[in-house]
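Since the structure comes first, as structure tokens, the remarks are kept for the end.
Please treat every number below as a calculation from the coordinates, not as lab data. Here the structure is a predicted model, which is why all the values come from computation and not from measurement. With ideal geometry, Cβ positions are generated from the backbone for all residues, glycine too; neighbour counts draw on all protein chains shown.
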Amino acid sequence: STAAFQGTIVVGGRAAGIIFATGARTKLGRLGTLLSEIVSGETPLEADLDRLGHQLTILTIAVCVGLAVLGLIQHYPIHKMLETSIALAVAAIPEGLPVVATLALAIGIGRMVRARALVRRLAAVETLGCTSVICTDKTGTLTENRMLVTDLVTCRRHFTLSGRGYEPVGQLACAESDGGSLGEAGALQLLSASALCNDARLENHADSDGWHVHGDPTEGALLSAALKLGLDQDALNRDHPRIAESPFDLNRKRMSTLHECTSGGALVLVKGSPESVFDICNYVLSEGAQVSLDGETRAWFSKENSRLANAGLRVLAVASKEIASQPVCLDSGALEADLCLLGLIAMSDRPKEHVKEAISSCQAAGIRVIMLTGDQKATAASIAAELGMASAPCAATTGAELWALSEDALQRVLKEITVIARVTPEMKLDIVRRLQAAGQIVAMTGDGVNDAPALKQANIGVAMGQAGTDLAREASDLVITDDNFATIVKAVEQGRIIYENIKCAVAYLLTASLTSVLAITIGLFANQGLLLLPLQLLWLNLIMHIFPGLGIALQTSTSNIMSRPPRLRTDKLLDRFEQFQITLRATVVSIAAVAAISIHAAVSGQGKATSVALATLSASLLLQSWSWLYAGRTIVQGKGLRINWPMLINTGLGALTLTAAIYFPPLAGILGTAALGIQDFAIVTCLSLATFLVTTALGRWHPGWLYRLHRQ
């Protein structure tokens, strides 16, 4: 009898079934229950923007009411102050903020797709930027998942097998000089058993690119190794038809099959992790005979297993047992006992190209990479050391060792560990929860159905596009279409760039909004009247906010973005440095606008005061969008000579609309502007450039208290 779980597809045959679980008690039902219990919270950016929106609303209402009262005290007409207050309220709220933020996210997603990272949830993109821990599978993500059998170990014999890929071409060589025919016969029996206890298919596609595996790559490598020695799977199955099977189980860590024998009996074959197979073996095949597996021989096999695993090889043990009669079914408990150990099979799975560099980039960025794998600890630790993840044995442990610790010890180990071997999907979910409880932002990779709860629980669930199941992809936030860890790192980098762009764009938009408020306020206090008419305020808000903000949001890279530590979830979108810069820049630009009116009045008279103010504010804000690119942590080192097309295009559009507002008669008539002469143009140009130079200097250098304010 075989258990068929919900979702199993039956393609043919005849059977009688007994339902033993329904609804939430099925395997998929339990996974569904776990998924329904996991609630995805707000991303840091969503929380920051919501908080910023509430604060701006309250502040704008207070400021506009205050300015209206101030204008009435100065005997401005009530209808004039109402118009100005309403227009100022509109200008003070950066309507372009959601547009800029959404476009920055959308454009970032497009870049990720081109880098083979498919984003399924828009709001989760920026969470990548604050990822502090990446929990990743080994096989297929860090490594190529193209297994190649390299070593065979029988009793006191060690063989090497040459070849490459799945192509069944290679030679068997014995490391011992006295290998002999009996030793090679043991290797043949070992590979025959691995080909029979196997669910994969190896096919040669002559019309494409050669040999392919249909099924698990590990089992495909075993079939390829068997074919190299002339052992054909179909012929073996004809001689020993399969009667029953017990599929691989994460708890048992092995697979068993039952086959017919020509003698009328049956053959039990088992392959799996060495430790699990050793436990059920009492005999060993030696020189063609079955002998007792004594303590010395058992220790020798354990030593060989450790040696191969420490070389970064995946090691499987294979055992067999002949029984006199054919049982009706494969009872694992009864038949998986007193087996004869045939030997060990070791296979290599090399790290993918660029993965080592990607891990190094993560380490420079303050992101800890934790390998979660079902392999042996020694194998995983060796691969981790090769990739530069861990250099000390203490950096690796197993799931069983980890869960045997006390709660406090477990939390301490999780802060330092980089490799966790023999991990089950349930352990993955628990690890993610514990890391999150410690304040970490966790990205989790997975491909199987059982990985879905951990993917859903993680701050960023990353599913594999090639090897991943539909449920894993559905539970994820990000799908890596090439199943490559380096792509995850590219996505993290892009998430940081997106967040930095949004941060600069929001800072610029708030600078522009505060500039409008301060300009009107300073003008009233300086008895210069209303610097801008209501429609001019709205025009300034519409044009000078959107275009420069989009230019900032469209930046493709930021210097040393992956050499900074990840931001904390508690970090604000705008910290003290940005808050100071916004206030400073808005004040400088507002004073420049008032100064422009004063100089214009002294040189030319009062006739074009609002036009001069509008031009000064607009030109200064266009330059401020460039200045924000160089503020504090967004300095573009060594890239000053590159043409920044997004900024140039949007600055050009902003300058074009400003020119139209002043020199295009129909629009000038609506806005109440007048054409500026050469003297006025010179005033606007000089003061705008002065604001840019002053704010850029203070934004790039951090003297004394300003530096300390930035770092706090």
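Observations
- Judged by the mean number of other Cβ atoms found within 10 Å, the most tightly packed of the peptides 583-589, 403-409, 212-218 leads the ranking 583-589, 212-218, 403-409.
- Tail fraction, Cα-Cα pairs, the range 110-179, threshold 14 Å, whole percent: 76 percent
- When DSSP beta bridges are restricted to pairs lying wholly in the chain, around 70% turn out antiparallel.
- Computed over the chain, the range of Cα coordinates on each principal axis works out to 115, 56, 55 Å, biggest value leading.
- Positive minus negative residues near PHE485 (Lys, Arg vs Asp, Glu; Cβ under 15 Å): -3
- Among the listed pairs LYS253/LYS456; LYS228/LYS303; LYS228/LYS352; LYS352/LYS490, those beyond 19 Å (Cα-Cα): LYS253/LYS456; LYS228/LYS303; LYS228/LYS352
- Among residues other than ASP470 with Cβ under 13 Å from its Cβ, the summed charge is -1 (Lys and Arg +1, Asp and Glu -1).
- Across all directions, the average projected area of the convex hull around the alpha carbons of the range 491-636 is 9.4 nm².
- Listed by chain and number, the aspartates and glutamates whose alpha-carbon sits under 17 Å from that of LYS356, ignoring those within fewer than 8 places in the same chain, are ASP137, GLU144, GLU386, ASP482, ASP483, GLU493.
- Protection proxy ranking, peptides 249-259, 670-680, 142-152, 362-372, average beta carbon neighbours within 10 Å, highest first: 142-152, 362-372, 249-259, 670-680
- Zero-based 10 Å bins, Cα pair distances in the range 220-340, whole percents: 12, 39, 40, 9, 0
- Cα-based equivalent ellipsoid of the range 201-254: semi-axis lengths in Å, sorted from largest, via gyration tensor: 23, 16, 10
- Counted over the range 352-501 with a bin width of 10 Å, the fraction of Cα pairs per bin, in whole percents, is 11, 40, 41, 8, 0.
- As a rough guide to protection, the peptides 484-497, 414-427, 49-62, 505-518 ranked by mean Cβ packing within 10 Å, highest first, stand as 505-518, 484-497, 414-427, 49-62.
- Sites ALA697 and ALA400, calculated FRET efficiency, Cβ-Cβ separation with R0 45 Å, nearest 0.05: 0.15
- Cα-based equivalent ellipsoid, the range 52-204: semi-axes from gyration tensor eigenvalues, Å: 78, 14, 11
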